[in-house]
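*Asks:* Structure below; questions to follow.
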Amino acid sequence: MDKEKLDLEKLLAEGKNVCVPPAGYSMYPVIVPDRDKVVIAPVKDTGMLKRGDVVLYRRKGSILVLHRIWKVKSEGFYMVGDGQSEIEGPVCGEQIRGMVTMLIRKGREVSAENLRYRITTGLWLCCRPFRTVILRIVRKIKNCLKKVKI
């Protein structure tokens, strides 16, 4: 797995876009493993990144992470996964490897700049303090619906 991550970083460093499936559920419910893929482009200027952008970064001395920018401050970027409520940071610009430019869901391409996508993810970003409660309620509703279908 580390070799794949290193190759991903190498491709981005060479200026190439990469299309990858997400690993893990930190970006659920917006980006779902085994259903979605993301197109990640190299970031030429981290000064152009803004709240709501999804970036690929390397934690200091650790793994590559795909999370959404919660806040941009002078000391760096503060990140949060869509399925999480804890904010991580500051992440410095040198740690950022790429930025999601497109979400591919069930073969359908959705630009990260699509207005509907930006509004939806912006609202979800604002729900950060309540995400665990919201996701718990949704899970319970799904479980009830599964039981009704039986």
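Each value in this text was obtained by applying a stated rule to the coordinates, not by laboratory testing. None of the values given here were measured: they were computed from a predicted structure. Cβ sites come from the backbone with ideal geometry, for glycine too, and all protein chains shown count toward neighbours.
*Asks:* Considering the values (i) 1.08; (ii) 1.44; (iii) 0.98, which represents Cα Rg over 2.2 N^0.38 Å as calculated for the structure under consideration?
*Replies:* Here the calculated entry is (i).
*Asks:* A follow-up question, please. Got a sec? Which residues in the stretch 86-103 would a label at ARG59 touch, if it sits 7 Å along Cα→Cβ and we count backbone N under 11 Å?
*Replies:* Counting only backbone N, you get 88-89.
*Asks:* Got a sec to turn the phi values of the stretch 59-67 into Karplus ³J(HN,Hα) couplings, 6.51 cos²θ - 1.76 cosθ + 1.60 with θ = phi - 60°, whole Hz, x for Gly and Pro?
*Replies:* Values, residue by residue: 5, 3, x, 9, 8, 7, 9, 10, 9 Hz.
*Asks:* Another question, if that's okay. Across the stretch 34-43, in residue order, what do the Karplus-derived ³J(HN,Hα) couplings come to in whole Hz, using 6.51 cos²θ - 1.76 cosθ + 1.60 with θ = phi - 60° and x for Gly and Pro?
*Replies:* Rounded to whole hertz, the list is 6, 10, 9, 9, 10, 9, 10, 10, x, 9.
*Asks:* In sequence order, what are the phi-derived ³J(HN,Hα) couplings for the stretch 125-130 according to the Karplus relation 6.51 cos²θ - 1.76 cosθ + 1.60 with θ = phi - 60°, rounded to whole Hz, with x for glycine and proline?
*Replies:* 3J(HN,Hα) across the stretch 125-130, in whole Hz: 5, 5, 7, 3, x, 10.
*Asks:* Given a 10 angstrom Cα cut-off, can you work out which residue in ASP34, ASP82, ASP45 is the most mobile in a GNM of the chain?
*Replies:* Maximum among the listed residues: ASP45.
*Asks:* Work through the residues other than ARG116 whose Cβ is under 15 Å from its Cβ and net out their charges, Lys, Arg +1 and Asp, Glu -1.
*Replies:* +1
*Asks:* Next question. May I ask for the net charge around ARG105, where only other residues with Cβ less than 12 Å from the Cβ of ARG105 are counted and Lys, Arg are +1 while Asp, Glu are -1?
*Replies:* Net charge in that neighbourhood comes out at +1.
*Asks:* So what is the calculated 222 nm ellipticity per residue for the chain, using -39500 (n - 2.57) for each DSSP H run with n of 4 or more, over all residues, to the nearest 500 deg cm²/dmol?
*Replies:* It lands at -9500 deg cm²/dmol.
*Asks:* I've got another one for you. How do 115-122, 36-43 rank on mean C-beta neighbours within 10 Å, highest first?
*Replies:* 36-43, 115-122
*Asks:* Quick one: length gained pulling LEU49 to THR120 fully straight, 0.36 nm per residue minus the C-alpha distance?
*Replies:* 23.7 nm
*Asks:* So which aspartates and glutamates can LYS106 reach, going by Cα to Cα under 19 Å and dropping same-chain residues fewer than 8 places off?
*Replies:* Here the aspartates and glutamates satisfying the reach criterion relative to LYS106 are ASP34, ASP36.
*Asks:* Now for a separate question. Which aspartates and glutamates, if any, have their Cα less than 17 Å from the Cα of LYS60, not counting same-chain residues under 8 positions apart?
*Replies:* ASP2, GLU9, GLU75, GLU88, GLU94
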